[in-house]
Amino acid sequence: MYAGYVFVCNKESLKTCMRQKLFACSRETIKTVEELGLGSVVFLLNKESNTLVGPFTAAGYLDRTGLEPGAWTEVTDMHSMSENIRVKWEDLHELKNAQTRFPFLKEIKACKLSQFQTQDLLDALNQAPLLSTKQGSAPKDK
């Protein structure tokens, strides 16, 4: 099974992540994100649209001297975005009504998921449609 993490975003921060292939973390999740290993599975939860996007793979850090608070919180602060977690992907899927289908996403306090939650999300995304490139996503990463 895989280690999994969910980062909360909104429409604009999702576009930023896709364009830059980088994630940032909120002040509340810094300790958890420091534990995130290369190859970990990462998902983005757009709370505005109740859509889960993924899977991404953690591919590295830009700066291992420490993670800085960033944009992936309920209220997005674009000025303090940290570009620390580099991600890659092949095929991204989008799961609509994610918080309805997976109630643990409604009250997510820490971004780290259990192995069972990670597998449940991977299975659901595998059945979900591919992410539309009209939403501002970057092309497939190879």
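The values are calculated or read from the model by the stated rules, or taken from the named source; none is laboratory data. Keep in mind the model is a prediction, meaning the values are calculated, not measured. Positions of Cβ are backbone-derived with ideal geometry, glycine not excepted, and every protein chain shown enters the neighbour counts.
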Taking segment 91-107 and keeping residues surrounded by fewer than 18 Cβ atoms within 10 Å (Cβ to Cβ) and within 15 Å of GLY4 (Cα to Cα) leaves PHE104
Scanning segment 94-106 for residues that are in contact with a helix residue (DSSP H, G or I) (Cβ under 9 Å, 6 or more places away or on another chain) and in a loop (DSSP other than H, G, I, E, B) gives PHE102, LYS106
Criterion violated by THR76 - all others in (1) under 28 Å from LEU130 (Cβ atoms); (2) modelled with pLDDT of 50 or more satisfied: (2)
